[in-house]
Each structure stands twice: as structure tokens, then as C-alpha cells.
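Nothing in this text is a laboratory measurement; each read-out follows from the coordinates by a stated rule. All of these numbers come straight from a predicted model, not from anything done at the bench. Every residue, glycine among them, receives a Cβ derived from its backbone with ideal geometry; neighbour counts consider all protein chains shown.
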């Protein structure tokens, strides 16, 4: 009994030691697994950190490159800003110069337009006073008004109003066709230069009738065409004249030249009176011409008949017109010039 107890006591220590050994082994295995696992995780963390560090370094390099580019661009932008400021300053200077030039040009333009208007008014006044040509004066005034139209200024508008009043006054004047009447006087002068004197009228007494007969021979037969010239010659052998009037005055040799020159002089003075709208002198000259033609020239000549018709037509026109002086327009131009001089 004693020996069995002893054996039992011996087995108990060995079991405990084995159990402890197993536990130690298990603990060691657990620690080893944990170390391996921790080591693996550490390696993974290290690897991740290494990758992130590389990424960070790459991003840092990119950031440095971008910062460098930004700095370069900032420098360039600053340089451009400086250049732009310089150009802006130059542009302002140029704008000031251009504004000054524009102001000077506007003043010169206004002065030039005013000078042209003054010249046109002078031409219009000359046409009225020297030539009595209302149409030309109207055209000159309308051209002056057109020249002032681009000037959108109060004083230019006032001058245009004065010109409009002058144009209205001219349009209300009775129209005298001076050019046409002057041409008719020239035609009358040409006719008078071809008229024969009474002492020279024999060859021309039946000139008009001969012309009419010559024009009417187209419907005559052969016998009539032969007999008609013979009959004309027979009629020219005898001249029938009225004797209830005194004999026409005969001019001495060479006096016909002075008569024709006096006719030309009268026609010239009639034209001058026409231009001056002097109705009394104009009609007096025409009456003198009509009297001289009746007294000294062959009134039966076709050109004489035409000349009498022209004289009658010319004498029937009333040329007496009171033409304006355009004083208001000239005074307005002078005031305009004075205002420009004050601004200068």
C-alpha cells in the first residue's frame, strides 16, 4: 500500500510538467504567430508608407515644379503688367493728343466751312446785284446751307435759319428769265446786222414772196414753172409805194456804219438795263431800236419782220424787280466769325 502511493505521487509531477511544457510551447507558438503576423503587418505598413512617401515625393516634386512655373508665370505676368501699364499710359497720352488734334480739326473744319459759306454768299450777292440772276443766287444759298448741315452746332443752326429765310424771300420774287431774254437780244443784234437799208431794198422787196413761190412750185405743171419766173421779173419792173408818208432819209456814204454801231450800242445798253432790272432804260432802248429800224431799214425784209416781232416780245416783259441785298445772311456770317475768334 505504501508502494502504490509512492508511484502515484511520482506520476503527478510528470503530468504537471508535461502540461506546463505544452502550455509553454503553445504560448511560444502563439507568440511566434503574433510576431510573424505583426511583422507581416509591419512590412505591409512599411511598404504602404514607402509607396505613400514615394507618391508624396512625386507630388512634392510636381508641386515644386508647379510652384516654379507659377513663379515664372507670376514674373511674366508682372512684366506684362508693367508693359501694359506703360502701353496704357502711352495710349492715354495718344488719346490726349488725338483729342487735341480732333478739337483743332473741328475748329479748322468749322472755320473752313464758314469761309466757304461766306464765299457762296458773296457769289449769290454778286449774281443778284450784277447779273440779276435769282436762280444762280438760290443755288449758291442752297449750297451754303448744305455746307453747314454737317456742323451740329447751335451757332451753325442759327446761321442756317437766316439762310432759310433768305432762300424763302428769293423764291417769292417774280421770275424773270434774264438768260432767255439776253439770248433774244443777241438774236436781235444778229438780225439787225443783216438788215438792208431802205436805199438798198429794191433787190429784196419781193424776197419773201419769191421764197414762198419757190416753195409752192412743186405742184405746178411744166408751163406754169416756166411762166412763173417770167411773171416775177415783170412784177419787179414796177414798184408801188405809198406817198402819204415823207420820203425816208437817205444816209450819206459811210453813215450806215455809224448807224449800225449805234444799233449795237443800244442793244448793249438794253442788255445792261436788263441785268440791272432797269425797266425804263430797257424799254427806251428797245423803242429807239424799233424807231431806227422803221426809219432807216427795209421793213419788208423777212429779217426785219422777225426783228420787229422780237422787239415787241422783249418790250412786253416787265423786268423791274427789287432784289434783296442778303444783308442778314452776311451779318450772321460776321457774327459767326467773331464768335470763332473769341473762342480762339
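Structure above, values below:
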item: Ordering of 149-158, 49-58 by packing [mean C-beta count within 10 Å, highest first]; result: 149-158, 49-58
item: Peptides 82-94, 115-127, 310-322 ordered by average Cβ neighbours within 10 Å, highest first; result: 115-127, 310-322, 82-94
item: Computed lengthening from residue 57 to residue 291, 0.36 nm per intervening residue step minus Cα-Cα distance; result: 71.2 nm
item: Computed over the stretch 21-161, Cα set: Rg, Dmax in Å; result: 46.9, 153
item: Sorted peptide list for 303-309, 26-32, criterion being average Cβ within 10 angstrom, highest first; result: 303-309, 26-32
item: Spin-label model distance (nm) - residue 182 vs residue 257, 7 Å beyond Cα toward Cβ; result: 3.1 nm
item: Centre separation in Å (Cα based) which lies between the stretch 298-327 and the stretch 70-91; result: 86 Å
